[in-house]
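What follows is a single structure, written as C-alpha coordinates, with notes after it.
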Amino acid sequence: MEIEPEYPLRRHGMTEEEFYAYADEDCPWQYLGGELVREPVSNRHEDLFAFLLTLLYGYLGERGGGEVRGSRYAMRLDPKWSPEPDLLVVRAERRHLMGPQRLEGAADLVIEIASPGRLDLRKKLPRYHEARLPEIWIVDPYARSVRVDTFEGGAYRTRTHTDRRLASAVLPGFWIDVAWLWQDPLPAPLSCLRQILA
(Lines give C-alpha, C1' and ligand atoms only; values in the text may rest on other atoms or scores of the structure.)
Protein backbone atom coordinates (compact mmCIF):
# COMPACT_ATOMS: atom_id res chain seq x y z
CA MET A 1 0.00 0.00 0.00
CA GLU A 2 1.45 3.38 -1.03
CA ILE A 3 1.17 6.13 1.60
CA GLU A 4 2.37 9.67 1.01
CA PRO A 5 5.06 10.84 3.47
CA GLU A 6 3.76 14.34 4.25
CA TYR A 7 2.40 15.69 7.53
CA PRO A 8 -0.36 15.33 8.50
CA LEU A 9 -0.17 11.85 7.06
CA ARG A 10 -3.65 10.49 6.51
CA ARG A 11 -5.22 7.75 4.51
CA HIS A 12 -9.00 7.51 4.21
CA GLY A 13 -10.98 4.37 3.59
CA MET A 14 -8.80 1.77 5.29
CA THR A 15 -10.75 -0.87 7.19
CA GLU A 16 -9.88 -1.99 10.69
CA GLU A 17 -8.81 -5.40 9.38
CA GLU A 18 -6.49 -3.78 6.84
CA PHE A 19 -4.97 -1.56 9.53
CA TYR A 20 -4.16 -4.44 11.87
CA ALA A 21 -2.79 -6.50 8.98
CA TYR A 22 -0.58 -3.54 7.98
CA ALA A 23 0.46 -2.35 11.45
CA ASP A 24 3.40 -3.79 13.31
CA GLU A 25 5.30 -2.62 16.38
CA ASP A 26 7.20 -0.05 14.32
CA CYS A 27 4.12 1.34 12.56
CA PRO A 28 4.00 5.14 13.05
CA TRP A 29 0.27 5.36 12.26
CA GLN A 30 -2.80 5.47 14.49
CA TYR A 31 -6.29 4.44 13.38
CA LEU A 32 -8.55 7.34 14.32
CA GLY A 33 -12.09 7.64 13.04
CA GLY A 34 -11.45 5.27 10.17
CA GLU A 35 -8.33 7.06 8.88
CA LEU A 36 -4.60 6.73 9.38
CA VAL A 37 -3.00 9.60 11.27
CA ARG A 38 0.61 10.19 12.25
CA GLU A 39 1.91 12.83 14.65
CA PRO A 40 5.40 14.28 14.70
CA VAL A 41 7.37 13.95 17.92
CA SER A 42 10.21 15.97 19.41
CA ASN A 43 13.20 15.21 21.60
CA ARG A 44 11.32 16.65 24.57
CA HIS A 45 8.35 14.41 23.84
CA GLU A 46 10.60 11.35 23.81
CA ASP A 47 12.34 12.40 27.03
CA LEU A 48 9.01 12.89 28.82
CA PHE A 49 7.71 9.61 27.45
CA ALA A 50 10.76 7.67 28.70
CA PHE A 51 10.65 9.43 32.09
CA LEU A 52 6.95 8.72 32.72
CA LEU A 53 7.18 5.16 31.40
CA THR A 54 10.08 4.46 33.77
CA LEU A 55 8.12 5.82 36.73
CA LEU A 56 4.97 3.85 35.93
CA TYR A 57 6.82 0.66 35.01
CA GLY A 58 8.90 0.81 38.19
CA TYR A 59 5.91 1.65 40.37
CA LEU A 60 3.70 -1.14 39.01
CA GLY A 61 6.61 -3.58 39.09
CA GLU A 62 7.14 -2.85 42.76
CA ARG A 63 3.55 -2.42 43.96
CA GLY A 64 1.59 -4.39 41.38
CA GLY A 65 -1.96 -3.51 40.49
CA GLY A 66 -1.74 -3.16 36.73
CA GLU A 67 0.17 -3.03 33.49
CA VAL A 68 1.62 -0.07 31.59
CA ARG A 69 2.16 0.09 27.85
CA GLY A 70 3.83 2.72 25.72
CA SER A 71 2.92 4.05 22.31
CA ARG A 72 2.47 1.50 19.54
CA TYR A 73 -0.02 -0.47 21.69
CA ALA A 74 -3.51 0.29 20.43
CA MET A 75 -6.59 0.83 22.55
CA ARG A 76 -9.52 -0.42 20.46
CA LEU A 77 -12.59 1.63 21.32
CA ASP A 78 -14.71 0.57 18.33
CA PRO A 79 -14.20 -0.64 14.74
CA LYS A 80 -13.05 2.83 13.60
CA TRP A 81 -11.09 4.00 16.65
CA SER A 82 -7.85 2.38 17.80
CA PRO A 83 -5.80 5.27 19.22
CA GLU A 84 -2.32 4.63 20.56
CA PRO A 85 -1.87 6.81 23.64
CA ASP A 86 1.66 7.74 24.63
CA LEU A 87 1.08 5.71 27.80
CA LEU A 88 -1.82 3.63 29.01
CA VAL A 89 -2.40 1.76 32.25
CA VAL A 90 -4.75 -1.19 32.68
CA ARG A 91 -5.61 -2.21 36.23
CA ALA A 92 -4.96 -5.83 37.23
CA GLU A 93 -8.62 -6.83 37.28
CA ARG A 94 -8.95 -5.83 33.59
CA ARG A 95 -5.70 -7.40 32.38
CA HIS A 96 -7.68 -10.07 30.52
CA LEU A 97 -8.64 -7.37 27.97
CA MET A 98 -5.02 -7.03 26.85
CA GLY A 99 -4.32 -8.94 23.65
CA PRO A 100 -1.00 -9.33 21.86
CA GLN A 101 -1.68 -6.38 19.53
CA ARG A 102 -4.24 -4.21 21.33
CA LEU A 103 -6.36 -3.52 24.37
CA GLU A 104 -10.03 -4.37 23.83
CA GLY A 105 -11.76 -1.32 25.29
CA ALA A 106 -10.74 1.70 27.31
CA ALA A 107 -7.67 1.88 29.54
CA ASP A 108 -7.99 3.00 33.15
CA LEU A 109 -5.39 5.76 32.79
CA VAL A 110 -4.19 7.38 29.58
CA ILE A 111 -1.31 9.85 29.37
CA GLU A 112 -0.84 11.90 26.21
CA ILE A 113 2.14 14.19 25.68
CA ALA A 114 0.93 17.11 23.59
CA SER A 115 2.33 17.44 20.09
CA PRO A 116 2.72 20.76 18.25
CA GLY A 117 -0.48 20.09 16.28
CA ARG A 118 -2.44 19.36 19.50
CA LEU A 119 -3.97 16.23 17.96
CA ASP A 120 -4.37 14.89 21.49
CA LEU A 121 -6.80 17.68 22.41
CA ARG A 122 -8.49 18.20 19.05
CA LYS A 123 -9.18 14.66 17.97
CA LYS A 124 -8.42 12.17 20.71
CA LEU A 125 -9.72 13.84 23.88
CA PRO A 126 -13.37 14.06 22.73
CA ARG A 127 -13.28 10.35 21.83
CA TYR A 128 -11.68 9.48 25.16
CA HIS A 129 -14.49 11.34 26.91
CA GLU A 130 -17.07 9.50 24.83
CA ALA A 131 -15.49 6.19 25.91
CA ARG A 132 -15.56 7.38 29.56
CA LEU A 133 -11.93 6.68 30.33
CA PRO A 134 -11.60 6.96 34.11
CA GLU A 135 -8.50 9.19 34.07
CA ILE A 136 -6.73 11.18 31.33
CA TRP A 137 -3.53 13.24 31.66
CA ILE A 138 -2.53 15.66 28.90
CA VAL A 139 1.09 16.68 29.52
CA ASP A 140 1.74 19.93 27.66
CA PRO A 141 5.45 20.84 27.63
CA TYR A 142 4.66 24.03 25.65
CA ALA A 143 2.24 25.43 28.25
CA ARG A 144 4.14 23.67 31.08
CA SER A 145 0.91 22.24 32.45
CA VAL A 146 -0.82 18.91 32.95
CA ARG A 147 -4.54 18.75 32.30
CA VAL A 148 -6.20 15.97 34.28
CA ASP A 149 -9.71 14.79 33.41
CA THR A 150 -11.29 12.31 35.82
CA PHE A 151 -14.68 10.70 35.31
CA GLU A 152 -16.63 11.18 38.54
CA GLY A 153 -20.34 10.80 39.18
CA GLY A 154 -21.28 10.55 35.52
CA ALA A 155 -19.27 13.57 34.32
CA TYR A 156 -15.69 14.71 33.82
CA ARG A 157 -13.92 16.93 36.29
CA THR A 158 -10.99 18.87 34.79
CA ARG A 159 -8.05 20.23 36.77
CA THR A 160 -4.84 21.85 35.55
CA HIS A 161 -1.53 21.39 37.34
CA THR A 162 1.62 23.41 36.74
CA ASP A 163 3.62 22.28 39.77
CA ARG A 164 3.24 20.42 43.07
CA ARG A 165 2.10 16.85 43.59
CA LEU A 166 -0.32 15.20 41.18
CA ALA A 167 -1.77 11.94 42.50
CA SER A 168 -3.48 9.43 40.24
CA ALA A 169 -7.14 8.73 40.92
CA VAL A 170 -7.00 5.18 39.53
CA LEU A 171 -3.56 4.09 40.79
CA PRO A 172 -3.61 4.53 44.57
CA GLY A 173 -0.21 5.64 45.82
CA PHE A 174 1.15 6.75 42.44
CA TRP A 175 2.00 10.44 42.14
CA ILE A 176 4.43 12.76 40.43
CA ASP A 177 5.74 16.21 41.24
CA VAL A 178 4.63 18.13 38.14
CA ALA A 179 7.65 20.43 38.48
CA TRP A 180 9.83 17.42 37.57
CA LEU A 181 8.42 17.54 34.03
CA TRP A 182 9.70 21.06 33.34
CA GLN A 183 13.29 20.49 34.48
CA ASP A 184 15.94 20.49 31.77
CA PRO A 185 17.41 17.97 31.81
CA LEU A 186 14.74 15.86 33.47
CA PRO A 187 15.62 14.51 36.91
CA ALA A 188 16.92 10.97 37.29
CA PRO A 189 13.79 8.79 37.11
CA LEU A 190 15.04 6.22 39.62
CA SER A 191 15.59 8.97 42.18
CA CYS A 192 12.03 10.20 41.59
CA LEU A 193 10.70 6.63 41.79
CA ARG A 194 12.32 6.17 45.19
CA GLN A 195 10.44 9.25 46.41
CA ILE A 196 7.14 7.91 45.05
CA LEU A 197 7.67 4.52 46.68
CA ALA A 198 8.88 5.92 50.03
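Quick check: is even one residue across segment 109-117 surrounded by 12 or more Cβ atoms within 10 Å (Cβ to Cβ), modelled with pLDDT of 95 or more and over 16 Å from the mean Cα position of the chain (by Cα)?
Looking for residues that are surrounded by 12 or more Cβ atoms within 10 Å (Cβ to Cβ), modelled with pLDDT of 95 or more and over 16 Å from the mean Cα position of the chain (by Cα), one finds none in segment 109-117, hence no.
In segment 66-84, how many residues are within 15 Å of the chain's Cα centre (by Cα) and at pLDDT below 95?
Summing the residues that are within 15 Å of the chain's Cα centre (by Cα) and at pLDDT below 95 in segment 66-84 gives 9.
Is it true that Val90 is of a type in the set (A, V, I, L, M, F, W, C), without any contact (Cβ under 8 Å) to a residue 40 or more places away in the chain and more than 23 Å from Phe19 (Cβ to Cβ)?
no
Residues Arg132, Arg94: which one is more than 22 Å from Arg165 (Cβ to Cβ), in a helix (DSSP H, G or I) and at pLDDT 95 or above? Please lay out each step first, then the result.
Details: Arg132 fails: in a helix (DSSP H, G or I).
Of Arg132, Arg94, the one residue that is more than 22 Å from Arg165 (Cβ to Cβ), in a helix (DSSP H, G or I) and at pLDDT 95 or above is Arg94.
Note down all Cβ pairs under 6 Å where the first residue falls in segment 147-165 and is at negative phi, the second is of a type in the set (Asp, Glu) and assigned to a strand (DSSP E or B), and they're at least six residues apart or on different chains.
So the pair list comes out as Thr150/Glu135; Tyr156/Asp149; Thr158/Asp149; Arg165/Asp177.
Any residue in segment 61-84 that's touching a residue at least 40 places away in the same chain (Cβ under 8 Å) and more than 23 Å from Phe51 (Cβ to Cβ): show its pairings with residues that are of a type in the set (Asp, Glu) and part of a helix (DSSP H, G or I) at Cβ separation under 6 Å, as long as the two are six or more apart or on different chains.
These pairs meet every condition: Pro79/Glu16.
Could you list, in sequence order, the residues of segment 85-100 that are over 19 Å from Leu53 (Cβ atoms) and small (Gly, Ala, Ser)? Give the derivation first.
Applying the first criterion (over 19 Å from Leu53 (Cβ atoms)) to segment 85-100 yields 93-94, 96-97, 99-100.
Passing the criteria: only Gly99.
Which of the residues spanning segment 170-190 are under 18 Å from Leu133 (Cβ atoms) and surrounded by fewer than 16 Cβ atoms within 10 Å (Cβ to Cβ)?
Passing the criteria: only Pro172.
Residues in segment 170-184 that are in contact with a helix residue (DSSP H, G or I) (Cβ under 9 Å, 6 or more places away or on another chain), under 17 Å from Ser145 (Cα atoms) and in contact (Cβ under 8 Å) with a residue 40 or more places away in the chain: how many?
3
The values are calculated or read from the model by the stated rules, or taken from the named source; none is laboratory data. Bear in mind the structure is a predicted one, so any value in this text is a computation, not a measurement. Glycine gets a Cβ as well: all are built from the backbone with ideal geometry, and neighbour counts include every protein chain shown.
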